[in-house]
Amino acid sequence: LKESEGPEPREIYLTNLFARLERNDWRGSTFTNYRRDKDVNHLQLEEEIEIPLYLSGSPSPDTDWRLRLLENKWRRYNDYGSTVGDADRDDKNTVYASGQIDLLKRRPWNLRTLAEVESKRGYQGDGEAARVGLEYFDSPTHRARWQRFVGASAAWFTGTSATQGDVDYQEFTLDGRVETEVTARLRVGARQGFLYGTGAMDRAGFDYLLPRGDTPLSYGAGGSDLLDGDTFRSESLLFAELRGPGRLTNRFEAGFEYRETSESPSEEEFFLRHNLTYSGRAWSASWNNTAVFGEDHRLIAGSAGSDLTEQGAEADVSYRSRGNVSYSPGRAFEIRGFGEYAWASGAEDVSQWRLREEARYSFFTANGALRRIFEVRQELDYSNLSTASGDDQDELVFRLFNRFYPTRILEMGADFKYFLISDQTSTYNVTLLSAVNFQKLKCFLEYSYGVADNSNGILDQEAHRWNLGLTKVF
């Protein structure tokens, strides 16, 4: 990806390598990726490589295991090309591993053990962390009237960070869940979770194994990266699910969450949720409603790239309603619609609504073996965000995708995207694609050209991107 215009022109190179191996009782895969980001003015160079390895197996019908190994190396030259050299360089090296073993799978109840470890050195701090967990739950294959789950975990974090200094933090969790079918159409359940943490913590010293006590509530405006002292958290949920005639389902939820730390006031949040879904032979629809009560929560995320995002971030009372509908009479045609309205009241009242439409048409051969010849897909997305002070913002996104398959193995495509923000910023992007698809081999070449225009001319950008890919399945 090359951005040749703008205040900070950049060159970005991305490389990905995928591999997979399968045997009778175990399998493995890796998804290595490398990223190199340099500004054209040679002021900064950033490199990162991540090498993960995923292993899983089933030594017996009663036992499954999974293992994940990962190493990440990152470095950044803050004055690349000058005489400073390595003196002005940031480095980071992280090693992470996690494992899971499922036992007694053919019994009415199952047992699961979990473990994670991480070691990080370099940028923003050094740290070591470990977490172990144990879970007991009723087997979903035995169709017991009561479905129960109990899980517990313990975690330890040690090290140093640039902000907090010494890190020494312990965290313990206990979770429980129970569900049952009252009738053939009604299912009810309850969930409860507790968390207790103590010590000094800065998550900047860790990359993959992270604490849970510093995260915000479900609709919280933000958590705290730094902890010092005791942390307590409770999450409660009640639900009832009613299956109506045909494929109609109604689910009602009521939840309460509480969080308290030694260095900040307590946070409380109460929410109500309703979800209705219906699916038929050609039609499907869903309707979701959410109401949240509690200081400084966020239900309206705001409009991307807008100052209104922060203006509408925190509220005391908020409501959101979303609806989806789709119609597909056959494999050749499909149309979808989406609508959303949200309102929040806090320091300033904010409202938001959004409409989205998608359509797809595919043309197939009329004789001989069924084969797709051409496909066109179109998307239109419009949203509006407004505040009581009169600050409004509109966003419009239009996309058009075309695919042509002249032969069974050859694919050609052309895509177009246009994005507009309140007559101030507009971008468009054109992509050309060619690919050769075999049963176990795919090779593709993609070129993209994009332009971003700002009304003040300061953030104008032009970008070129080439993407060459090869996928092999053995």
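Overview of values
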item	result
Some residue of segment 199-209 being farther than 30 Å from ASN93 by Cβ, touching a strand residue (DSSP E or B) at 6+ places or on another chain (Cβ under 6 Å) and open to solvent by 50 Å² or more (accessible area, probe 1.4 Å)	no
Top-ranked residue of segment 399-427 - restricted to ones that are over 25 Å from the mean Cα position of the chain (by Cα) and of a type in the set (Ser, Thr, Tyr), ranked as modelled with the highest pLDDT	TYR405
Qualifying residues in segment 77-92 (those that are open to solvent by less than 50 Å² (accessible area, probe 1.4 Å) and in contact with a Gly (Cβ under 8 Å, 6 or more places away or on another chain)) - the one modelled with the highest pLDDT	LYS92
Options PHE252, PHE232; residue that is open to solvent by 40 Å² or more (accessible area, probe 1.4 Å), farther than 20 Å from VAL182 by Cβ and not small (Gly, Ala, Ser)	PHE232
Those residues of segment 110-133 which are open to solvent by 50 Å² or more (accessible area, probe 1.4 Å) and touching a Ser or Thr at 6+ places or on another chain (Cβ under 6 Å), in sequence order	ASP126, GLU128
Those residues of segment 119-175 which are out of contact with any Gly (no Cβ under 9 Å at 6 or more places or on another chain) and over 17 Å from ARG212 (Cβ atoms), in sequence order	GLY122, TYR123, ASP138, SER139, PRO140, THR141, HIS142, ARG143, ALA144, ARG145, TRP146, GLY165
Single residue of segment 134-183 satisfying the filter (of a type outside the set (Val, Ile, Thr) and free of Cβ contacts under 8 Å to residues at least 12 places away in the same chain) that is least open to solvent (accessible area, probe 1.4 Å)	PRO140
Unmet criterion (only one of (1) farther than 30 Å from ARG177 by Cβ; (2) modelled with pLDDT of 85 or more) for GLY151	(1)
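The values are calculated or read from the model by the stated rules, or taken from the named source; none is laboratory data. Everything quoted here is computed from the prediction, not taken from an experiment. Because the Cβ atoms are built from the backbone with ideal geometry, glycine has one as well, and the counts that use them run over all protein chains shown. Just the protein is used for accessible areas: all its heavy atoms, side chains included, with ligands, DNA and RNA removed. Shrake-Rupley method; radii C 1.70, N 1.55, O 1.52, S 1.80 Å.
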